[in-house]
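Read the figures in this text as sums done on the coordinates, not as results from a lab. Note that the structure is predicted; figures quoted are calculated from it, not measured. All Cβ positions, glycine included, derive from the backbone under ideal geometry; neighbour counts span all protein chains shown.
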Amino acid sequence: MQSEKEFLLRLAQLDATELTSEEQGRKDLLKRSTVTRALVMVNSSTSGMVAGAGQSMEAIKQYVADRSLDIELAETGSIGLSSEEPVVSVQLPGRTRIFFRRVSADKVSSILDDLFHQVVPGQGVIGQLRHEGQEAWADVPFLDEIPFFALQKRIVMGACGIIDPFSFGEYVANGGYSAFLKTIRSFTFNEVCELVEESGLRGRSGGGFPTGLKWKAAFKTPSDQKYLVCNAEESDPGAFMDRNLMEGNPFQLLEGISIAAYAIGSNRAYIYIRSEYRDAIRRIDNAIKELRAIGLLGDNILDSGYNLQISLRKGPGAFVCGEETALIASLEGRRGMPSSKPPYPSSSGYLGRPTVVNNVETLSNLPVIVRKGPKWFRGIGSEKCPGTKIFSVSGRVAMAGLVEVPMGCTFDTIVNDILGGAQKGRELKALHVGGPLGCMVPVELMNVPVSYENLKEKGLVMGSGGILVMDDKTCVVNTVRYFMEYVDKQSCGKCIPCREGTRRMAEILGSITRKPEDEEDHTSLERFKGVMQLESLAEVMKDTSLCGLGQNAPNPVMSTLKYFRNEYEEHIFKRKCPSNSCTELRSWFIDVDMCTGCSICAKRCPSEAIIGTARHPYFIVQEKCIGCGICYEVCKFSAVYYK
Amino acid sequence: MENHASRIEDILRRFPQIKRNALIPLLQAMQDEFGYISEEAVASIGSHLSLPTSKVYGLATFYNQFTFSPRGMYHVVLCNGTSCHMGGAGELLNEITKLLEIIDGETTRDGMFSLEVQSCIGACGQSPVMAVNGTYYSGIGVKEVRDIIKQYREDAE
């Protein structure tokens, strides 16, 4: 019997046909093609834990202990259905794995009771995983038949939520690490660069720069030391695809990093990860330890003469550190401020050495590209942008979650076909794509095929791929104001256009989304002047800011001015929010029947807008009201309402 | 205080290399150990790395992770990501600020509660999300927040 280590390494470099039958059996066990006892997998990634996966897991343990059953309880990542968490899957010996949604602690026993009696529970079934040689459950749809999965092409995210992120064996049994072994055994550094260039892979963090070119630049710069940095500082609010990749399949990322580091001839790699991503850190930490133990990291990897160390660096939290030069500054122990390019990091980066910074999703693409070849990869997606892109969709959408689609797919497919469109009874108004530096896409443009070029043509950006769905009850101007306030807070303060521009923009947007506190002529004039300057301010920021943060900060303003001018006008001229979500623009009224005339609202009103006599209904003078809502909060009889 | 100083020494000993790029990991180790960065910690990191205290403090204030007052008994984390904001996180924040009379990064005078606003917790499907000492509350409104805070207050007393 081979040792575990030898077996796994053999598995990683062999085709399935060359295995002995005993080895095949071990592989099937690792791959969970066969299970000897019932397997219960709980999504313990962040989205699951927030929804209560921890309690569900405890409940399962309790259930098993009460009945002294012999089952295997394992953790997994998220399959992407974020709004349906906690997702739990169960695989009985000989049967296919079946997935359940919203399995809270109280539902555990009824679901497990039914399943152990070979009955499909009536509620909460998502579907079953298609697998040859396993008996399927009757009347349960296969996952690949459900629109959510059927319309996706999961080449990067495919194993998330299916495999155990703590098990190296399972990753290898599913074909993992064969790409890295192939790379170090049969390619030179330059050949790997060329292979990736040929595949047409482009950086997934937003810029869309060809990965192969970036590598070549670093590879060709002579230096005693080169660095590869994995950018896992995913700080766009609303983007969680990188986190999901790290939590669901950390070994895939590490294999990608190993390939990239080899390609540029570097033996030192860093993962710069947000310190808030505790679950992802835990998984990657574990993965690095396992790889070291098995000899796939360290000195002289498998006698190839190639050394590689990967270390984890926790980012102390700054949005601007997603920019590569700022990230490098932060790694060096300085304030995370960007510097002007050139010199590009690929010639002078971390500690002045050539450094390649790649994003998690980009690196996670590499193992499959090396395994299946650049031609196969080029066959997916569009001509100029091969491959897939993961979008994280949240907001007012029927199902929030992660969607991986080929490039060239439309927003319409992503939001309407895959995720079921707007929430019940609501109407889709717009999509905000790309986080705080992204663009508002109106419904009319939802049929544009998504690729870097197409979007650029329309004046839009893809960003990191976060999509916020807005319906008729959300206010465009208010959302833009939120983004601007966020960027203002996150601006590093190095260059003036960004530091001052974002502050002024936030002020202007703030002034349109609330009622003026006094109605003197010059304040209205000032406010109006500000609004008229939004456009020119945006242009100055775009042209003169140092880094991508400042250059892209006006994107939300510019795109909404273009496509939602009427909403701005309503706010400015009528002082009314069409979707009624700007709290400070609401008009407040007192219900005559409910008001007891206690006078507390009149006493607390800061603008003396409430008049009346005690023990009779009070009245709000709309002209004086500043919309603060204090009357609403203090009223004990719920007599105050807004329209 | 003796204890505090010796714990700082222990942490410094874990970073024997006197290099600028050890600064952030050092500060993070302090933050993890004490829950905040004390004046003494800033000063001793400065002398350990031969950096002016002003530089250390300047760097620490740049990043969101570092706080300068001790954490409360209950650490409230509120997500104000895009999705949570749309779900009403702004109103929740107002409510918490009103109830506890603290803003982001502060601790109440009695040391019971501290507040941290995060840009995105990463659970956009369940917005708005709040966490108290690691226990998550999702899909909550103003009323629930009031109840939760009240519950913790009662528990403490």
Along segment A:565-578, Karplus-curve 3J(HN,Hα) (6.51, -1.76, 1.60; θ = phi - 60°) to the nearest Hz, with x for Gly and Pro, reads 4, 4, 5, 4, 4, 4, 5, 6, 7, 9, 6, 9, 9, x
Using alpha carbon positions and the Kirkwood radius, the Rg to Rh ratio of segment A:466-505 is 1.10
Cross-link reach from A:Lys643 to lysines, straight Cα distance under 16 Å and at least 8 residues apart if same chain, gives A:Lys473, A:Lys515, A:Lys574, A:Lys576
Treating every alpha carbon of segment A:586-642 as one equal point scatterer without solvent, the Debye formula yields log10 I(q)/I(0) values at q = 0.21, 0.23, 0.26 Å⁻¹ of -0.65, -0.79, -1.04
Shielding of A:44-57 by other chains, given as the mean Cβ count within 10 Å, works out to 4
Residues of segment A:378-412 with backbone N under 16 Å of the label point set 7 Å from the Cα of A:Asn447 along Cα→Cβ are A:409-412
Here the alpha-carbon Rg of segment B:74-156 over 2.2 N^0.38 Å rounds to 0.98
The Cα radius of gyration of chain B, divided by 2.2 N^0.38 Å with N its residue count, comes to 1.18
Listing A:Val621, B:Val129, B:Val56, A:Val443 by rising number of other beta-carbon atoms within 10 angstrom, fewest first, gives A:Val621, A:Val443, B:Val56, B:Val129
What the Cα atoms of the protein assembly as shown span along the principal axes, largest first and in whole Å, is 93, 65, 64
In Å³ per residue, the alpha-carbon convex hull of segment A:388-474 encloses 77
Going from the fewest other Cβ atoms within 10 Å to the most, one would list A:Asp299, A:Asp417 as A:Asp299, A:Asp417
Quarter of the surface of the C-alpha convex hull for segment A:85-197, i.e. direction-averaged projected area in nm², equals 9.7
Residues whose modelled amide H sits under 5 Å from the amide H of B:Tyr74, counting only those 5 or more places away in sequence or on another chain, are B:Phe113, B:Ser114
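Report the relative contact order of chain A, percent, no decimals, based on alpha-carbon pairs under 8 angstrom and at least 6 residues apart.
Values: 1270 pairs, mean separation 66.6, N = 643.
After rounding, I find 10 percent.
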Residues meeting the amide H criterion for A:Gly597 (H placed from the backbone, H to H distance under 5 Å, 5 or more places apart or on another chain) are A:Tyr618
Other residues with Cβ under 15 Å from the Cβ of A:Cys631 give, with Lys and Arg +1 and Asp and Glu -1, a net charge of +3
Scaled by the rule-of-thumb 2.2 N^0.38 Å, the alpha carbon Rg for segment A:32-145 gives a ratio of 0.97
With A:His131 itself left out, Lys, Arg at +1 and Asp, Glu at -1 over residues whose Cβ is under 12 Å from its Cβ give +1
Placing one equal point scatterer on each C-alpha of segment A:334-448 and summing with Debye, one gets log10 I(q)/I(0) at q = 0.10, 0.11, 0.17, 0.20 Å⁻¹ equal to -0.47, -0.56, -0.99, -1.10
Computed from every Cα-Cα pair in segment B:2-62, P(r) in 10 Å bins starting at 0 and rounded to whole percents is 24, 64, 12
A correct fewest-to-most ranking of A:His432, B:His75, A:His522 by other Cβ atoms within 10 Å would be A:His522, B:His75, A:His432
CD proxy, 222 nm, the protein assembly as shown: helix-only mean residue ellipticity via -39,500 (n - 2.57) per DSSP H run with n ≥ 4, per residue, nearest 500, stands at -12000 deg cm²/dmol
Net charge (Lys, Arg +1; Asp, Glu -1) of residues whose beta-carbon lies under 10 Å from that of B:Thr97, B:Thr97 excluded, is -3
Averaged over residues of B:23-32, the number of beta carbons from other chains lying within 10 Å of each residue's Cβ is 3
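Across the residues of A:238-245, average count of Cβ atoms on other protein chains within 10 Å?
4
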So the pair-distance distribution of segment A:168-378, from every Cα-Cα distance in 5 Å bins, comes to percents of 1, 8, 16, 22, 22, 18, 10, 3, 0, 0
Taking placed amide H atoms and a strict 5 Å upper bound, the residues 5 or more places from A:Ala38 or on another chain that come that close are A:Glu72
